[in-house]
Amino acid sequence: MAAVFLSALGISCHREPIEPTPSLDDSEITSEPIVENGEEIGYSLSYRSWIVPGDGVKSSTPEKGGGNSNDTVSVILHDTFYHVDTVGYVNTWDPDKYKQGNYTCHWDKYGLARPGENNVTITDSAIVLRVQFEEFSFQYRINFETATYRNGAINIPFPHHRPVITDLGVEELESLETICRNDSVLARKVLRHSIKISVGNKNYILKANVVLHRHLPDANPNRFIVESILVPGSLQTYLDPYCNLNENVDIPLFDIDFTVRRRFSDQSIEEEPNSLWFRAGVSGGMCNPQSSPLPYCPPGNTNGQIETEPVPDSGALPPTDNPYIHDCIRNPVFVKLYHDASEGWQTPNVGLGGIPNTGYYDDGVLWFRLPQLEVHMEYVGTHVDCDGTRGIIYDTIRGNSNGINYYKVVFREFNIQ
């Protein structure tokens, strides 16, 4: 009677073998590609396995079984592995969603036993490896055979090669031309993933080509973007010092320039230059916080420190005129400047500090993240002017954004008690 078994185990994709391989004579493996319509679609391999049923000793060859060839029973076992060509549907081209570590692998193992000759039962087995991304999945099928000798008195499994699966990861998405199907415009990219199947000391690479479709509901079926590229070398960033004494502001301007070239379905080509700028660095300008009188005049070389912490409600930057620029978010950092409490005084919070930005460009076909602005803040020094009855404390903070320095001076007036 045929027996069916099913086992399932969920694992994360990794670069280590999924299962160990048993010992078997590797030299017996023969393999050849499976070709269909002139294209290779997988691999087929076979090898011979022996046992010596007389004393129950397993052997991979007659010479290793402790008996002569007349005492052995042999069987030819077959494995077949197939490449994957399939389609998936997504809502974004964000490359972070398709990187190594952002998908999982789960495998199920199936088997169906069937009677063979000379008291040998063959089990047709399959490992189905499912690769799961956030919005789509695909699966590999690894077929292999096992055998058991059954004569009513003894059951002896034949040695066999268990396929060992190693995840090799994904490549970057590759763009394909946008198509229109039934008045629906579909942007396309291909995702390539691969695994290694080890059988004995031989390795086979299985590849998955997944054509991803992204529906563009706002696209015009009569004229839509077929191809969109970032013009090589056009993405530039600039950081220009900016100082307005009337506003008491010393904040550099962060500028992002790039050009996008688009080819449309009517074969027309357009190039669009883009320019975005953001204020970055220490904001709030010069400040003159009021405070209680100090008991004495602080020395001019007093030390200070600063601490920074993100502002929870960062808020979006003003919208741009470009409909393809998305999620430009202000991420300010609150700067706290303080002095040693033993000195008897403390400069209050300075105000908002570094303002890096996040955002991305997405016209449905081309997607890329905007360059990020890095901001670093440090305390420079303190200077005190004092005439015996009143004085002014000047604290200086230096900001550094993408290699450019700028400064903010915070001053505080006080009276001597």
Anything in the stretch 182-204 that is closer than 24 Å to Lys97 by Cβ and more than 24 Å from the chain's Cα centre (by Cα)? List them, or say none. Ser184, Val185
Taking the stretch 179-209 and keeping only residues that are more than 24 Å from Asp79 (Cβ to Cβ) and not basic (Lys, Arg), one is left with Ile179, Cys180, Asn182, Asp183, Ser184, Val185, Leu186, Ala187, Val190, Leu191
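Do we find a residue being modelled with pLDDT of 85 or more, touching a strand residue (DSSP E or B) at 6+ places or on another chain (Cβ under 9 Å) and aliphatic (A, V, I, L, M) anywhere in the stretch 261-271? Don't jump to the end; show me each part of the working.
From the stretch 261-271, those modelled with pLDDT of 85 or more are 261-271; that's our starting set.
Within this subset, residues satisfying the condition of being touching a strand residue (DSSP E or B) at 6+ places or on another chain (Cβ under 9 Å) are 261-271.
Checking the rest, the ones that are also aliphatic (A, V, I, L, M) come to 269.
Scanning the stretch 261-271 turns up at least one residue that is modelled with pLDDT of 85 or more, touching a strand residue (DSSP E or B) at 6+ places or on another chain (Cβ under 9 Å) and aliphatic (A, V, I, L, M).
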Filter the stretch 146-158 for residues that are out of contact with any Gly (no Cβ under 8 Å at 6 or more places or on another chain) and surrounded by 21 or more Cβ atoms within 10 Å (Cβ to Cβ) and give the result. Tyr149, Phe158
Are any residues in the stretch 127-142 surrounded by fewer than 18 Cβ atoms within 10 Å (Cβ to Cβ) and in a strand (DSSP E or B), and if so, which ones? Val128, Arg130, Gln132, Ser137, Gln139, Arg141
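Between Leu206, Leu176, which is assigned to a strand (DSSP E or B), surrounded by fewer than 18 Cβ atoms within 10 Å (Cβ to Cβ), of a type outside the set (Asp, Glu) and in contact (Cβ under 8 Å) with a residue 24 or more places away in the chain?
Leu176
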Within the set of pairs 6+ apart or on separate chains, which have a first residue in the stretch 316-328 that is at pLDDT 80 or above, a second that is in a loop (DSSP other than H, G, I, E, B), and C-beta atoms under 6 Å apart? Tyr324/Asp363
Do you know which of the residues in the stretch 159-173 that are closer than 24 Å to Asp363 by Cα and charged (D, E, K, R) is surrounded by the most Cβ atoms within 10 Å (Cβ to Cβ)? Glu171
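Out of everything in the stretch 65-85 that is of a type outside the set (A, V, I, L, M), over 23 Å from Glu32 (Cβ atoms) and surrounded by 14 or more Cβ atoms within 10 Å (Cβ to Cβ), what residue ends up being modelled with the highest pLDDT?
We begin by selecting, within the stretch 65-85, every residue of a type outside the set (A, V, I, L, M); these are 65-72, 74, 78-83, 85.
Cutting the leftovers down to over 23 Å from Glu32 (Cβ atoms) gives us 65-72.
Still in the list and also surrounded by 14 or more Cβ atoms within 10 Å (Cβ to Cβ): 65, 67, 71-72.
Numbers: Gly65: 42, Gly67: 41, Asp71: 71, Thr72: 80.
Checked the stretch 65-85; the qualifying residue modelled with the highest pLDDT is Thr72.
Let me confirm something: among Arg398, Arg390, Arg369, Arg412, which residue is modelled with pLDDT of 70 or more, touching a helix residue (DSSP H, G or I) at 6+ places or on another chain (Cβ under 9 Å) and not hydrophobic (A, V, I, L, M, F, W, C)?
Result: Arg369 is the single residue among Arg398, Arg390, Arg369, Arg412 that is modelled with pLDDT of 70 or more, touching a helix residue (DSSP H, G or I) at 6+ places or on another chain (Cβ under 9 Å) and not hydrophobic (A, V, I, L, M, F, W, C).
How many residues are surrounded by 13 or more Cβ atoms within 10 Å (Cβ to Cβ) and not in a loop (DSSP other than H, G, I, E, B) when one looks only at the stretch 87-119?
Result for the stretch 87-119: 15.
The values are calculated or read from the model by the stated rules, or taken from the named source; none is laboratory data. Not measured: the values here are computed from a predicted model. We place every Cβ from the backbone using ideal geometry, glycine too, and count neighbours over all the protein chains shown.
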